[in-house]
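Nothing in this text is a laboratory measurement; each read-out follows from the coordinates by a stated rule. Bear in mind that the values here come from a model prediction, so they are computed numbers and not experimental data. Every residue, glycine as well, gets a Cβ built from its backbone with ideal geometry; the counts of neighbours run over all protein chains shown.
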Amino acid sequence: MSAVVEGGSVVKPELVCPAGSLRALQMAVGAGADAVYVGLKDATNARNFAGLNFDDAQLREGVAFAHARGARVLMALNTFADARGVDPWYRAVDTAVAMGADALIVADTAVMAYCRSHHPQLRLHLSVQASATSYEAIEFYRRHYGIQRAVLPRVLTLSQVAHVVRLSMVDIEVFGFGSLCVMVEGRCALSSYVTGQSPNTAGVCSPPSAVRWQDTRAGVEARLNGVLIDCYAPDEPRGYPTLCKGRFDVEGRRGYAIEEPTSLNTLAILPELIALGVKAIKIEGRQRSPAYVEQVTRVWRAAIDEAAGSAGGYSVRPEWNATLMRFAEGQHHTLGAYDRPWR
Amino acid sequence: MNAPWKRDGSANVPAGLPPPLEAIRDIVRRVVEHLPVQPPSFVLARVLDQMLLPRLPADAREALSRRIVELQITDLGIRVRLQLEARGFCVASVQGEPALRILAPAASYLRLLRGEDDADRLFFERALIMEGDTELGLVLKNTLDALGPLFGTRNTQSM
C-alpha cells in the first residue's frame, strides 16, 4: 500500500495523547506527543473521576507548557449537556477559549451550536462520543457546525475507515491504543441500568462510589451498586469494574457475556492507517498514571516516526509491544474491529 | 481480617520479592507481623506531614479527612493505619475496618511513589489490591499522580 504524499513527503499523523493531570500533560509532551487532550474537573467530559483533570490555573499552565514546546492542547467537552441546564457546558467552552485551548472535542449539538455562534474561530473536533460512523454523518456536522476533524468510533473495519477517509472533507482521527470499548461510543447507557449514571451524561461508566471489591471465600468479588459483576480467583488478573466487562452465568455457562477486557493495539497496521490518510492517532487513557502516558507516548512517537519515515521498512519492534503489553487491560492486545477475518 | 500476607491458598496476596529472596522475606515477615502497628504508622505520618501534606490540594485533604487508610506492605509484613486530622497525619486506631485498605509489596509502593509505574497496571496484575471505598482510593491515586514523585523526582521542567 502506498503512503499518502503531500508536497513530496508522507503525511505523518498527529500523535494525540491523554492527560488527566498537569504532570501527565508534561510527561506526554516531553515524550513526543504532538497534541494532548484534557478535561475540566466536572461532568462536561467523559473521564469525570475524583482527583482527575484540570482546574483553570492548571489548564492555563498546561497550555503554556505545551505551546512553548510546539504541542497543541485539545479540550474534551464530550458529554451531553444536561436537560436541566446547559450552562456548565457553555461555561466550559468559554473557559477553554480563555485558557488558550487549540481545539474542542465535542459531542453535543447544543455545545457545537454555542461554539459556532459565540466563538466562530474555535477549531472543533467531533468526539468519538458523537458516534459518527459514516461520512454522511460527519459531513452533516461539518456543514452545520464547521467541525474540522472527526474521531471515529472503534467499531469500523480498516476498509470502512478507508471509505470514510476517502469521502470526508475533514481530518479523520482514529484510536491507536488503549482499553477497548465496543459499545459504539456515545450510544451506551448500560451502566445507567445499575448505577443511574452513564458515560454520556455523568462522564463515568462505573462511578467509583458505586464500586466495591470484597474478598470472599469464593474469590474477590467486584460489585457495582451491589450487583455482582465478576468474581476473581486469587491469582487471576483483573479488569476495570464495568458492567460490559463483567462475567455472568448465561444459559449455564459463565463468561464474558458482552466483551472481554482487552486493549486495542494498532501498531501492526500503522503503515496502512498512514497510507489511508488518517490525520491523527489517539491514545486512550486520561484515567491512567503519568508513567503510562510517558511510556506509551514514547513507543508511539517512535513507531509513527519510523512508519512515516521509512519506505516499506517498518516493522513492529518487540520492545514496543512489550511496553504496551505491560499496560494493557486484560494483558492482551487486539486489532479490534479494524480486523474482522470472519466477515 | 486474616493477615493477608499468609500464603494459605486463598489469601489475597500481591506478588512480592523474587523467589531467591522469599526465604529471607518469610523470616523477616514472621518477625515483623507480630510488631505493633503504631511505630511504623507514626514514622510514616511524620514523613507524609513533611512530603505530602504541604502539597495536598484542598479537595483531596477534605476527601481524606478523618478516614482511616490502612496500608499493608505484604512482602515485609508491615501494616500502617493513618488518619488525616486538621493538624496533619495521625496514627489511627487499630480497631475497626478502615475506609480504605491498600495491599502491595514494597516494590510496588516504591515504583508508584517514584512515579515509575501505573497504579491501574499494578491493579490488573494484582500487584496492588484495594479494598473498601473505591472512590477514596481513586482520589488518593489521582492526587498522587498529579503531584508527581514524592521522592527520586524526575525533573519534567527539563523536557
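Mind putting a number on the dipole of the stretch B:21-146 about its Cα centre? Charges go on the C-beta only, +1 for Lys and Arg and -1 for Asp and Glu, and I need it in Debye to the nearest 20. List each step's numbers first, then the result.
Numbers: 17 positive and 19 negative charges, 86 e Å.
Rounded to the nearest 20 debye, it is 420 debye.
Would you compute, from DSSP H runs of 4+ residues alone, the mean residue ellipticity of the protein assembly as shown at 222 nm, taking -39500 (n - 2.57) per run and dividing by the full residue count, rounded to the nearest 500? It would help to have the intermediate numbers written out before the result.
On the way: 16 runs with 167 residues, N = 502.
Helix-only estimate at 222 nm: -10000 deg cm²/dmol.
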Ellipsoid equivalent to the protein assembly as shown - semi-axes via the Cα gyration tensor, in Å:
39, 25, 23
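What ranking do A:His144, A:His163 get, fewest neighbouring Cβ atoms within 10 angstrom at the top? All intermediate terms of the calculation are to be shown ahead of the outcome.
On the way: A:His144 12, A:His163 15.
Listing A:His144, A:His163 from fewest to most nearby Cβ atoms yields A:His144, A:His163.
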Computed ³J(HN,Hα) along the stretch A:106-114: with the Karplus parameters 6.51/-1.76/1.60, θ = phi - 60°, integer Hz and x for glycine or proline, the list is 10, 10, 8, 5, 5, 5, 4, 4, 5
If the cut-off is 13 Å between C-alpha atoms, which aspartates and glutamates fall inside it for A:Lys41, apart from same-chain ones fewer than 8 positions away?
A:Asp55, A:Asp56, B:Asp59
Sorted from largest to smallest, which semi-axis lengths in Å does the alpha carbon gyration tensor of the stretch A:1-157 give for its equivalent ellipsoid, taking the root of 5 times each eigenvalue?
24, 22, 14
Starting from the Cα gyration tensor of the stretch A:206-256, multiply each eigenvalue by 5, take the square root, and state the resulting semi-axes largest first in whole Å.
16, 14, 10
Report the Stokes-Einstein translational diffusion coefficient (µm² s⁻¹, integer) for the stretch A:110-181, Rh taken as the Kirkwood radius over Cα pairs, at 4 °C with viscosity 1.567 mPa s.
102
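Can you put A:Thr266, A:Thr95 in order, fewest other beta carbons within 10 Å first? Intermediate results must be reported in sequence, preceding the final value.
Working: A:Thr266 24, A:Thr95 19.
In increasing order of surrounding Cβ atoms, one gets A:Thr95, A:Thr266.
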What fraction of the Cα pairs in the stretch A:25-101, stated in percent, has a spacing above 21 angstrom?
25
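Report, as an integer, the average count of C-beta atoms from other chains found within 10 Å of each Cβ along A:198-208. Display every interim value, and only then the final one.
Details: counts 0, 0, 0, 0, 0, 0, 0, 0, 1, 2, 7.
Average neighbour count from other chains, rounded to a whole number: 1.
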Between the alpha-carbon centers of the stretch A:173-233 and the stretch A:266-338, tell me the distance in whole angstrom.
25
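Dipole of the protein assembly as shown, Cα-centred, from +1 at each Lys and Arg C-beta and -1 at each Asp and Glu C-beta, to the nearest 20 debye?
Working: 55 positive and 54 negative charges, 70 e Å.
It works out to roughly 340 debye.
Give me the percent of DSSP beta bridges within the protein assembly as shown that run antiparallel, rounded to the nearest 5.
Numbers: 35 of 70 bridges.
Roughly 50 percent of the beta bridges in the protein assembly as shown run antiparallel, per DSSP.
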May I ask you to derive the relative contact order of chain A, considering only C-alpha pairs under 8 Å and at least 6 residues apart, and to give it as an integer percent?
22
Rg(Cα) of the stretch B:21-146 divided by 2.2 N^0.38 Å?
1.04
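In what sequence do B:Arg25, A:Arg69 fall when counting other Cβ within 10 Å, fewest first?
Values: B:Arg25 21, A:Arg69 12.
Going from least to most buried by this count: A:Arg69, B:Arg25.
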